Every structure is written in C-alpha cells, then in structure tokens.
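Have a look at the structure below before the remarks.
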Amino acid sequence: MSDTLSPEPKGAAAGDADEPAKPLRIGLAGLGTVGCGLIDLINRNGDLIARRAGRRFAVSAVSARNRHQRRDVDVSPYPWRDNPLDIADPADVDVVVELIGGADGPALAIARAALSRGLPLVTANKALIAHHGAELATLAESTGTSLHFEAGVAGGIPIVKTLKEGLAANRIDGFKGILNGTANFILTLMEETGSTFEAALAKAQEEGYAEADPSFDIDGVDAAHKTAILTSLAFGVAPDMGQLPVEGIRAVSHVDIRYARELGYRIKLLGLARMTEAGLDQRVQACLIPTDATLAKVGGVSNAIQIHGNFAGPTLVEGLGAGAGPTASAVAADLIDVARGQGGSTFSQPAKDFANVAMLAAEARRGAFYVRLRVTDRTGVMAQVATAMRDGEVSMERMIQGTPEADGSVHMIITTHETSEAQMQTVIDRFKALDTVLEEPCVLRIEHS
Ligand SMILES: NC(=O)c1ccc[n+]([C@@H]2O[C@H](COP(=O)([O-])OP(=O)(O)OC[C@H]3O[C@@H](n4cnc5c(N)ncnc54)[C@H](OP(=O)(O)O)[C@@H]3O)[C@@H](O)[C@H]2O)c1
C-alpha cells in the first residue's frame, strides 16, 4: 500500500522553485533479495521518500544475470540492461546502486565505472568495501562524487551514520558487536535447546538464515568484512582485511555453551576493535561475555553494536542485520542522502588522511580465557594442569570438573585472570604435551567489558 499525502516536491534539483524537483534516476544492478526489496520499498514508500528527500525516486535502468528469472516484484516497467556495466551511464542515471555482491567481479567493475564517471554509488556489499574501500573512496574523491554503504554493515541498523554523523565529534575508544545474524541464531539455538552445532546449523539452513555454503557466516568472514569497515570509520584507518584476525564458531560445541552458562557467561561471535597503548586491537572471535552484559541479551538473528565515544559515552544500536526489508531500508536511506546532495567523505574523513596506526601484535593481546580440556579421569590430573599453568605464569580464576564420561574421560574447565595471548599459548602447549589430555583444548576469550 502506498502512502497517500503526495505534494510534488519542489526545489533546487529542478533549478526553479516553482518547478517540481527532478526525480533521482536510479540505476539498479542486482535484482535479488535486496534489489527486489528496494523496488518494493520505493513503490510503497515513494510519496514519503519524495517529501523527505525533496525529490521522487525513479528506477531508470535495471540489470541482473538472468532477465527471465521470476522475481519477488514486477521489474518489467524498468528499462533492462543486459550488461550490468551499462547501468553506469550518466545519460540515464544519477546514481548507481550495486546489489550484486562479491568483492570482485561485476560488483567491483560497476563500482569503478560509476565512480570514475562521477556517479554516486550506493552499495550493500561489505565484501567490496572491506577489500576495496580505500581505492573506491579515493576514486570517489578524485571525481568529486560519493560512495555510500550503510546497508553493508548490520543491514537495517544505521551504524555507519551513527559513526559518521551522530558520533562524528567523538574520539572512539572502541566498539564491539554481534554482526552476523546467522552465527547468532546458531549460538542462541544451541543455548536455548542444547542442540549440537551441526543440528543448529541445519535448522538455520531450514529457516533460510544460512546459505547452502554457510562458511562466510560461521567462519567469521562476513563479520570480519563488517568489522574492517567499522574499524575504518571509528579509527580513521583504511579497511584492511589482511590485519584482522578472524575465528568463527565451528569450534564452539554445545558442551562449551553449557559450561559457559554454568560460569555465568554466554558465547557470542563478536567483531571488535579498541585502541590500546600498544596499538589497535581488532578481531573477530567467539567470546564468552557475562550473561548480564547488554550484548549477551541479543538473541536470534538480531545484530547489535556497542560503541564508546570519549564524550558521548556508551551507545548501543540494535536491530535486524539482514533481510529484504531492513537492508533495502538502509540502501534507501543512502539514496535519500544522495537526493539531498549529502555526500561527505566515505569513511568519515578523506581517504588521503587515513591514519597509519600500528596493529596490536598477537602476542601482545591481553585478556582472560576459558579453556576446556578433555582429560583422563584419574587422580593427579588436576595437579598436572595446575602445574602447567603455574609454570606458564597464567593465573587460574576458576576450575570446574564435569561428570565423568563412560569412556573414562572427564571435562575440566578453567577460566583465567588477564594474561597475554603468548603466555596462554605456552600453557596450552604444556597441556597438549600431557598424556592425560585427550584432545585439542578448546580455548575461548572472555570479554568482560
Ligand atoms: N540479503 C541480505 O539480507 C543482505 C543483507 C546485507 C547486505 N547484503 C548484500 O547485498 C548484496 C546483494 O545481496 P542479495 O541477498 O540481494 O543477493 P542475491 O539475492 O543473491 O541477488 C544477487 C543479484 O545479483 C545478480 N547477479 C549475480 N551475479 C551477477 C552477474 N555476474 N552479473 C549480473 N548480475 C548478477 C543476480 O541476478 P539473477 O537474479 O538474475 O540471478 C541477483 O539478481 C550483497 O552484497 C550482500 O552481501 C545482503
């Protein structure tokens, strides 16, 4: 249903205050979930958008892989381009929207074509921005146009605008976020039902939350793309996937989720970055967080990001990180910026001013840890484990022992006080050398703050 109040916007875009403003001509490459969601949104909220943007949105060219594909919306009214690169033609369009996906291939070619011809680009493609954001921002600046990617990070949540606009005057001390709805759905289901990782993944696939190949979600790659972009916005550095340690959730078992709960924690896949005296600490990792922490309460497919600004203090944004509606909402918000003539620097500041910040070396990263060992159930093992920790100079916070299994093994769970990753690794190596330790230890970070 379309909203009804529809006075024609008048103004600057028409060049005459009495003339209706010229519509914003949109070239749309990609007609899948998000592309069709965007067309649906423009159709249903067109009047409201025109009032707020000062101009109507008019889709003036579309392209996808297969013209004859059945789609969620009728795309027959829009001029079709067989080659998606032909979308980037200033004669037909005022802005290019790239919703194909992938870091390279047609998405990158379209982005380069649009920006080099001075056309603003709006994209939901985090892989593209995480891998080529610096190059594309430089290109946009060189041709005097703009690059927008609100939908690329946490779907419908306006986190890019929060960092670029609302918190623009703050030094950002750090952020951490649940940035992948699929991984969060799996971890939430494992906690709520006690199901195994494999069963929870199968359920996520059945519900349409996980792809047939779920590796980008469960191996942390998707969260890493978003983390690299947020790090750039927050700390004024170029997005750099090469400097971002990434771990997913494959190694998290339902056993860890149960013991974490017993210890007062939930396990979440976090993307985080914080500035330390020794450098920028950024990573994607499955972490234990206290059950009463704000992010611990974010369940299912939701996303949430906590940011700390030096004047604003803590800010939390939460919402739906994916899906046709939320993602189209973010794409359309960027298009409204374009319609209003609001560009600004791609990453809060010009790409030429990206800071050269040292990354915190892996050995220097500090924190508390959760370790689960499967050990032979016999006397003296606890003493062996305690000795390995003492010799490695890692201080134990708690130790709990599970119920012995039928095969004569037992789980031993240890949490540590703050230590360095290097020291923790030394202790893990000592554990592995013990003949009573029966399998690869599970080691997870604990994030208290
Ligand atoms: N889905 C979400 O919830 C979501 C959330 C946030 C961000 N995003 C991002 O939004 C972008 C689009 O995602 P999506 O879920 O809409 O993807 P999708 O449903 O797979 O749609 C991709 C579209 O791109 C077209 N396409 C693929 N390869 C092409 C090629 N070589 N040449 C021309 N067109 C090609 C496809 O054409 P055909 O339809 O003809 O096959 C399809 O219309 C991605 O960057 C994704 O990461 C998605």
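The values are calculated or read from the model by the stated rules, or taken from the named source; none is laboratory data. Everything numeric here is computed off the predicted structure, so don't read it as measured data. Note: ideal-geometry Cβ built from the backbone for every residue, glycine included; neighbour counts use all protein chains shown.
Some notes on this structure:
- Hey, A368 at pLDDT 95 or above, closer than 30 Å to G177 by Cβ and of a type in the set (G, A, S) or not: yes
- Once region 111-143 is narrowed to residues that are near the ligand (Cβ under 9 Å from one of its atoms) and under 20 Å from V59 (Cα atoms), the residue that is surrounded by the fewest Cβ atoms within 10 Å (Cβ to Cβ) is N125.
- Enumeration of residues in region 338-353 that are surrounded by fewer than 22 Cβ atoms within 10 Å (Cβ to Cβ) and either outside any loop (DSSP other than H, G, I, E, B) or among the hydroxyl-bearing types (S, T, Y) (or both): S345, S348, A351, K352, D353
- Condition broken by T145, with the remaining ones in (1) without any contact (Cβ under 8 Å) to a residue 40 or more places away in the chain; (2) of a type in the set (S, T, Y); (3) in a loop (DSSP other than H, G, I, E, B) satisfied: (1)
- Residue tally, condition more than 16 Å from the chain's Cα centre (by Cα) and closer than 22 Å to L38 by Cα, over region 114-144: 6
- The residue list L335, L360 contains one member that is within 30 Å of L119 (Cβ to Cβ) and either within 16 Å of the ligand (Cβ to nearest atom) or surrounded by 20 or more Cβ atoms within 10 Å (Cβ to Cβ) (or both), which is L335.
- When G105 is tested against the conditions (1) of a type in the set (G, A, S); (2) within 21 Å of S329 (Cα to Cα); (3) free of Cβ contacts under 8 Å to residues at least 60 places away in the same chain, the lone failure is (2).
- Just one of (1) more than 15 Å from the ligand (Cβ to nearest atom); (2) under 23 Å from L147 (Cβ atoms) fails for G46. It is (2).
- The set of residues from region 243-277 being modelled with pLDDT of 95 or more and assigned to a strand (DSSP E or B) comprises V246, Y265, R266, I267, K268, L269, L270, G271, L272, A273, R274.
- Condition met for V331 (among the β-branched types (V, I, T), within 16 Å of the chain's Cα centre (by Cα) and over 30 Å from V357 (Cβ atoms)): yes
This table checks each residue for (1) in contact with a strand residue (DSSP E or B) (Cβ under 7 Å, 6 or more places away or on another chain); (2) without any contact (Cβ under 8 Å) to a residue 60 or more places away in the chain; (3) among the aliphatic types (A, V, I, L, M); (4) crowded, with 18+ Cβ neighbours inside 10 Å.
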position: T231; (1), (2), (3), (4): yes, yes, no, yes
position: P245; (1), (2), (3), (4): yes, no, no, no
position: R261; (1), (2), (3), (4): no, no, no, no
position: G299; (1), (2), (3), (4): no, no, no, no
position: A312; (1), (2), (3), (4): no, no, yes, no
position: L320; (1), (2), (3), (4): yes, no, yes, yes
position: P326; (1), (2), (3), (4): yes, no, no, yes
position: A330; (1), (2), (3), (4): no, no, yes, yes
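- Taken over region 20-38, the residue count meeting the criterion of being more than 9 Å from the ligand (Cβ to nearest atom), closer than 15 Å to V62 by Cβ and either surrounded by fewer than 24 Cβ atoms within 10 Å (Cβ to Cβ) or not assigned by TED's automatic domain parsing to the domain that holds A109 (or both) is 1.
- From the options E393, E363, residue that is assigned to a helix (DSSP H, G or I), of a type outside the set (G, A, S) and under 38 Å from the mean Cα position of the chain (by Cα): E363
- Yes/no for L163 being within 16 Å of the ligand (Cβ to nearest atom), crowded, with 20+ Cβ neighbours inside 10 Å and of a type outside the set (F, W, Y): no
- Considered as a group, the residues in region 90-110 that are farther than 13 Å from S60 by Cα and assigned to a loop (DSSP other than H, G, I, E, B) include one that is farthest from the ligand (Cβ to nearest atom), and that residue is D104.
- Residue that is surrounded by the most Cβ atoms within 10 Å (Cβ to Cβ), among those in region 419-449 that are charged (D, E, K, R) and over 30 Å from D292 (Cβ atoms): R430
- Filtered residues of region 407-449 (kept if of a type in the set (S, T, Y) and without any contact (Cβ under 8 Å) to a residue 12 or more places away in the chain): S449
- Number of positions in region 63-89 that are near the ligand (Cβ under 9 Å from one of its atoms) and either part of a strand (DSSP E or B) or not assigned by TED's automatic domain parsing to the domain that holds G35 (or both): 1
- Which listed residue is touching a Leu at 6+ places or on another chain (Cβ under 8 Å), modelled with pLDDT under 95 and of a type outside the set (A, V, I, L, M, F, W, C), from D3, D16, D72: D3
- For K268, the stated conditions hold: it is closer than 29 Å to A124 by Cβ, surrounded by 16 or more Cβ atoms within 10 Å (Cβ to Cβ) and not aliphatic (A, V, I, L, M).
- Wholly within region 278-321, strands (runs of 3 or more DSSP E) carrying at least 3 residues that are touching a Pro at 6+ places or on another chain (Cβ under 9 Å) and closer than 28 Å to T416 by Cα: 279-290, 302-309
- Some residue of region 202-224 being away from the ligand (no atom under 16 Å from the Cβ) and touching a Ser or Thr at 6+ places or on another chain (Cβ under 8 Å): yes
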